[in-house]
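Following: one structure in structure tokens, then a few remarks.
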Amino acid sequence: MRILLSNDDGVLAPGLAALRTAVADIGEIHVVAPDSPQSAAAHAITLQAPLTVRKVQLQGGTAGGFPALSVDGRPADCVRLAIRKLLVPPPDLVLTGVNAGANVGVNVFYSGTVAAAAEAAMLGIPAVAFSAAMTGTVDFPRAARLCRCVLNSLLKWGLGKGDFLNVNIPALGPLRPLGVRVVPQSTAELTDDYHLQSSGPDGEVYRLGDEYSFAATDHENDVTSLAEGYVTVTPLQVDLTDHRRLADLSRRNWASCLP
């Protein structure tokens, strides 16, 4: 099995090295990741500039480290470029992470880690995004071993063409994780704030604050389950169509819109 690893924290991120170590025995591992942190890059791709690819040797795993390719682009660039050009034949599986910080709820729309996995799914390759909640320092080796455990089960049960899953590891402690829950993505509102940094004749300068929270919900979902200490597994899909609304609108008379 040929496996592509990528992330949005950058090619030097400890979570990426930990994930590579955790899955090294599964198959032929290839690492293609951004040359710098790209958190919240979402699904942006580079259109108006060339992409430079460089060979690097990273620390981790075996004594000699491991080779990787760094790309001066976004996470989605890395996966798309790797599948289209850099890896021949293309990978059988794409894994992204382990991200420093959870990617749950509506945050999946902003996450470069999730977007990189989505890019693979768009190209018909199964993909799993891995992230770890942060409360201080993340134990990436342990988080990556938990990711490997989840991956073992997914591979045993089978991953189909374009399958796309989002996995989050809770803040770890002596009694955590409590288990694994397969849960839906929360759509609860994200509460954050923009702080005014300066104001003058040329305009006002705002910066998005680092603190945010999700609106309370009593439903079992990725946000609530992760906070309770569970590993969360959420199947996602590239198709954003609201099929219920599609059926409703398809029954309407649109003749009045014609000239």
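The values are calculated or read from the model by the stated rules, or taken from the named source; none is laboratory data. Please read all numbers here as calculations on a predicted model, not as lab measurements. Glycine also receives a Cβ, built like all others from the backbone with ideal geometry; neighbour counts cover every protein chain displayed.
Just for strands (runs of 3 or more DSSP E) wholly inside region 20-121: which have at least 1 residues that are surrounded by 15 or more Cβ atoms within 10 Å (Cβ to Cβ) and in contact with a Phe, Trp or Tyr (Cβ under 6 Å, 6 or more places away or on another chain)? Quick ask: steps written out before the conclusion?
On the way: elements: 28-34, 53-58, 66-71, 93-100.
By residue number, 53-58, 93-100.
For region 123-171, enumerate the residues that are of a type in the set (Asp, Glu) and over 30 Å from residue 210 (Cα atoms). Write out each step before concluding.
Looking only at region 123-171, we keep the residues that are of a type in the set (Asp, Glu), and these are 139, 163.
Selection gives 163 alone.
For region 140-259, no strands (runs of 3 or more DSSP E) sit wholly inside it while including 1 or more residues that are out of contact with any strand residue (DSSP E or B) (no Cβ under 9 Å at 6 or more places or on another chain) and touching a residue at least 12 places away in the same chain (Cβ under 8 Å). Just one of the numbered conditions (1) surrounded by fewer than 18 Cβ atoms within 10 Å (Cβ to Cβ); (2) modelled with pLDDT under 95; (3) of a type outside the set (Lys, Arg); (4) at positive phi is not true of residue 124: (2). All told, residue 153 falls short of being among the hydroxyl-bearing types (Ser, Thr, Tyr), buried (at least 20 other Cβ atoms within 10 Å of the Cβ) and over 20 Å from residue 31 (Cα atoms).
If you go through region 156-181 and keep only what is surrounded by fewer than 14 Cβ atoms within 10 Å (Cβ to Cβ) and either touching a Lys or Arg at 6+ places or on another chain (Cβ under 6 Å) or within 22 Å of residue 228 (Cβ to Cβ) (or both), you end up with 173, 174, 175, 178, 179. If the condition is being surrounded by fewer than 20 Cβ atoms within 10 Å (Cβ to Cβ), at negative phi and not in a helix (DSSP H, G or I), then region 4-19 contributes only 12.
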